[in-house]
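These notes are about the structure you will find just below.
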Amino acid sequence: MALKRQIIPVSDQNLSLGNQTQGKAPDLDEELAIISLIESLVERAYTVRASDIHFDPEGDRVKVRFRIDGVLQDIRELSKKSHEEVITRIKVLSRLRTDQHQTPQDGRFRCLVDEGPIDVRVSIMPTYYGENAVLRLLADTEAEFSFANLGFSPENQQKLVAAIKRPYGMILVTGPTGSGKTTTLYTIIKQLNSRDTSIITIEDPIEYSLAGINQIQANPATGLTFATGLRSILRQDPNIIMVGEIRDSETAGLAVNTALTGHLLLSTLHTNDAATTLPRLLDMGVENYLIASTVNLAIGQRLVRKICVSCKTAHKLTVAERKSFEGIFPDEYLAKNAKYFEGKGCEDCSGTGYKGRIGIQELIVVDNQIREAILKKVAADEMRRIAIGSGMVPMFEDGLKKALDGTTTLSEVLRMLHD
């Protein structure tokens, strides 16, 4: 994929490398080389489907790494001499202060590629060996996702569709950073989007542009937080509201009250699994009877790498593999006749054997048994046991099923568990 050689700073301000840097400015050839370096790295990252570019300074070098399918991979090394110029160029593009080196800074810029614009979100952080930079690539297009290609099993799809058809209540998606929570919410919104429905989101950041939906960018610097934004959104006569994340007690309380007043509210929480979601709301100060009345569905999820279809081959577990997996996976998954698959590594997957990622999920439908457990304020472990008794398939088991059907590998499921 050829990159149109154009990187656009967010601001129209006429910032230049030379007049922003303390000390002697680099000459024109050096400046052009740094500009070309940043452009070529963004181009390469986009081509290999990387989500992030890391510039990590060390004692005598700067390590450049791409996060591809959730795993960081070394790409190249830069000299220590070029470190300051690279960071300065990224700051200029992102409209950040180039004379500030001891404070974290966040910004963004935009690249144009053949398929459209890509927003690049930038985070600069001071470290022991100097400032590092992490660039998150966000394609500014409406991603084509469905519940099936996100990894939801047919049974879980039925539960999810039933929950989003309800006119009010809360649907919460949980998991660590980078587990695909926002993508799941976007997919739900696409299913719900129609001409007779008003949908408003408040996000930080807006990752994809969704046609027909009012999307608001949170900005704490101007007082536009999730909580204050949610209050204002309620005066906009919405049917469905998406809040990027419930981070604090104020947002949690507002979200619950919003769901009580006849709105369908979608949001995310940072918890380990679906069962921890409900006690987490209790910890945030939400009354148990309000949780029981408003939450319709809790989704826990992770992402695992998919086996590359171009080099996918059958694989029987070796004696050493079975021994290493004993006590972790149930015995039936380690039987001698169990058939699995793996990727041998090819040009399509850059020799990794994996290409793309897919979700592993667990869904708790808040039925009468779960409501009773919420009212009793049971712990997460007990909530999990009750949910499994009510039909929840744990993420672990969902991952094993995807390994058996050749979507991923047992090693990936194990890596997901460790993560």
### Residues of the stretch 114-141 satisfying the condition of being under 22 Å from R302 (Cα atoms) and at pLDDT below 85
L138, A139
### Task
Search the stretch 394-419 for residues that are over 20 Å from T174 (Cβ atoms) and touching a residue at least 12 places away in the same chain (Cβ under 8 Å) and pair each with any residue that is part of a loop (DSSP other than H, G, I, E, B) and of a type in the set (S, T, N, Q) when their beta-carbon atoms are under 8 Å apart and the residues are at least 6 apart or on different chains.
K401/S153; A403/T409
#### Entry: Selection from the stretch 301-340 of residues that are at pLDDT 95 or above, within 20 Å of F396 (Cβ to Cβ) and open to solvent by 50 Å² or more (accessible area, probe 1.4 Å)
K306
### Query
Quick one: how many residues across the stretch 335-381 are touching a strand residue (DSSP E or B) at 6+ places or on another chain (Cβ under 7 Å) and in a helix (DSSP H, G or I)?
1
### Answer from K63, K4, K81 - the residue that is at pLDDT 95 or above, surrounded by fewer than 17 Cβ atoms within 10 Å (Cβ to Cβ) and not in a loop (DSSP other than H, G, I, E, B)
K63
### Summary
Of the listed residues (A211, A148, A221), the one being touching a residue at least 24 places away in the same chain (Cβ under 8 Å) and among the small types (G, A, S) is A211
### Query
With (1) without any contact (Cβ under 8 Å) to a residue 60 or more places away in the chain; (2) of a type in the set (G, A, S); (3) closer than 30 Å to Y46 by Cβ; (4) open to solvent by 20 Å² or more (accessible area, probe 1.4 Å) as the list, and G285 as the residue in question, which single condition is left unmet?
(3)
### Task
Pull up the stretch 148-169, narrow it to residues that are under 20 Å from the mean Cα position of the chain (by Cα) and under 25 Å from P238 (Cβ atoms), then point me to the one that is least open to solvent (accessible area, probe 1.4 Å).
L160
### Task
Give the number of residues within the stretch 193-240 that are farther than 22 Å from S179 by Cβ, β-branched (V, I, T) and either surrounded by fewer than 20 Cβ atoms within 10 Å (Cβ to Cβ) or within 21 Å of the chain's Cα centre (by Cα) (or both).
7
### Message
Restricting to the stretch 257-282, give me the number of residues that are over 18 Å from I388 (Cα atoms), part of a helix (DSSP H, G or I) and within 24 Å of the chain's Cα centre (by Cα).
### Response
2
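The values are calculated or read from the model by the stated rules, or taken from the named source; none is laboratory data. Predicted model only: the values in this text are computed from it and were never measured. Note: ideal-geometry Cβ built from the backbone for every residue, glycine included; neighbour counts use all protein chains shown. In case anyone asks, the SASA skips ligands and DNA or RNA and just uses the protein heavy atoms, side chains included. Shrake-Rupley method; radii C 1.70, N 1.55, O 1.52, S 1.80 Å.
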